[in-house]
Amino acid sequence: MSRIGQQTKAVLDACVLYPTVLREILQGAAEAGLFLPVFSERILREWVLATAKLGPAAPVIAEGEAAALRAAFPRALERERPDIEARLILPDPNDRHVLATAIASGADVIVTFNAQDFPGHVLAAERITRRDPDGFLWELQSRQPETMARILETVRARAEAISGQPQSLKPLLKRARLYRLAKAVGL
């Protein structure tokens, strides 16, 4: 398991950008300098397209959020590398671009829910690890509890402002499948 730190480069797979709460926590941690995010235009496109199941307005909103992410982290955007993709073998060929992004950027880790799509031996050969977002954020929480507490409160307050109703952090984290993080912050 890699140790997460300020200089850790982490590719954020589309599946961890799609849930708003999870994306906002990851973005907050990156803005606080807890890790260096990496993504590609294709990863961002996949995220935007995945939101279509929420209704016709969702991709338009997601495109705006993707633009904001690009603007917030201009150095995070890695160009696509079909030359690297061509040599990679993964269970799902549609995920080769994520690993190629990690290789091209010199990333240490891929943050994804899709463990089965990124076999450990393939990643190890490239000196990259795979982390589920809950474990990744749990580790950040264990190393920087005050910073993460501020980030989580900001995300909770934003969810409350958007919904117009009181929001408890525990249900927000559970819906984002961040069970260990919820436990670590005492929820």
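Restricting the search to helices (runs of 4 or more DSSP H) fully inside the range 14-132 and requiring at least 2 residues that are within 15 Å of the chain's Cα centre (by Cα) gives 14-17, 20-31, 41-50, 58-72, 96-105.
Cβ-Cβ under 6 Å, sequence separation 6+ or interchain: first residue in the range 93-118 and within 10 Å of Val11 (Cα to Cα), partner of a type in the set (Gly, Ala, Ser) and modelled with pLDDT under 95. Which pairs? The qualifying pairs are Asp108/Ser2; Val109/Ser2. Restricting attention to the range 82-97, which residues are surrounded by fewer than 17 Cβ atoms within 10 Å (Cβ to Cβ) and among the basic types (Lys, Arg)? Listed by number, the list holds a single entry, Arg87.
Listed by first and then second residue, the pairs linking a residue in the range 22-42 that is under 12 Å from Phe136 (Cα atoms) to a residue that is among the charged types (D, E, K, R) and in a helix (DSSP H, G or I), with Cβ atoms under 8 Å apart and 6 or more places separating them unless they lie on different chains, are Leu34/Arg143. The listed residues are Lys9, Lys53, and the only one of them that is surrounded by fewer than 22 Cβ atoms within 10 Å (Cβ to Cβ), of a type in the set (Lys, Arg) and modelled with pLDDT under 95 turns out to be Lys53. Scanning the range 89-105 for residues that are among the small types (Gly, Ala, Ser) and out of contact with any strand residue (DSSP E or B) (no Cβ under 6 Å at 6 or more places or on another chain) returns Ala100, Ala104. Against the test of being in contact with an Asp or Glu (Cβ under 6 Å, 6 or more places away or on another chain), buried (at least 19 other Cβ atoms within 10 Å of the Cβ) and among the hydrophobic types (A, V, I, L, M, F, W, C), the options Val38, Val21 yield a single qualifying residue, Val38.
Looking across Ala100, Ala76, one residue alone is among the hydrophobic types (A, V, I, L, M, F, W, C) and surrounded by fewer than 20 Cβ atoms within 10 Å (Cβ to Cβ). It is Ala76.
Just to be sure before I move on: is Glu160 surrounded by 14 or more Cβ atoms within 10 Å (Cβ to Cβ), out of contact with any Lys or Arg (no Cβ under 7 Å at 6 or more places or on another chain) and not polar (S, T, N, Q) in the structure I sent? Yes; evaluated as a whole, the condition is true for this residue. Scanning the range 59-92 for residues being touching a residue at least 24 places away in the same chain (Cβ under 8 Å), more than 17 Å from Val11 (Cα to Cα) and charged (D, E, K, R) gives a total of 2.
The values are calculated or read from the model by the stated rules, or taken from the named source; none is laboratory data. Quantities reported herein were computed from a predicted structural model and do not represent experimental measurements. Glycine gets a Cβ as well: all are built from the backbone with ideal geometry, and neighbour counts include every protein chain shown.
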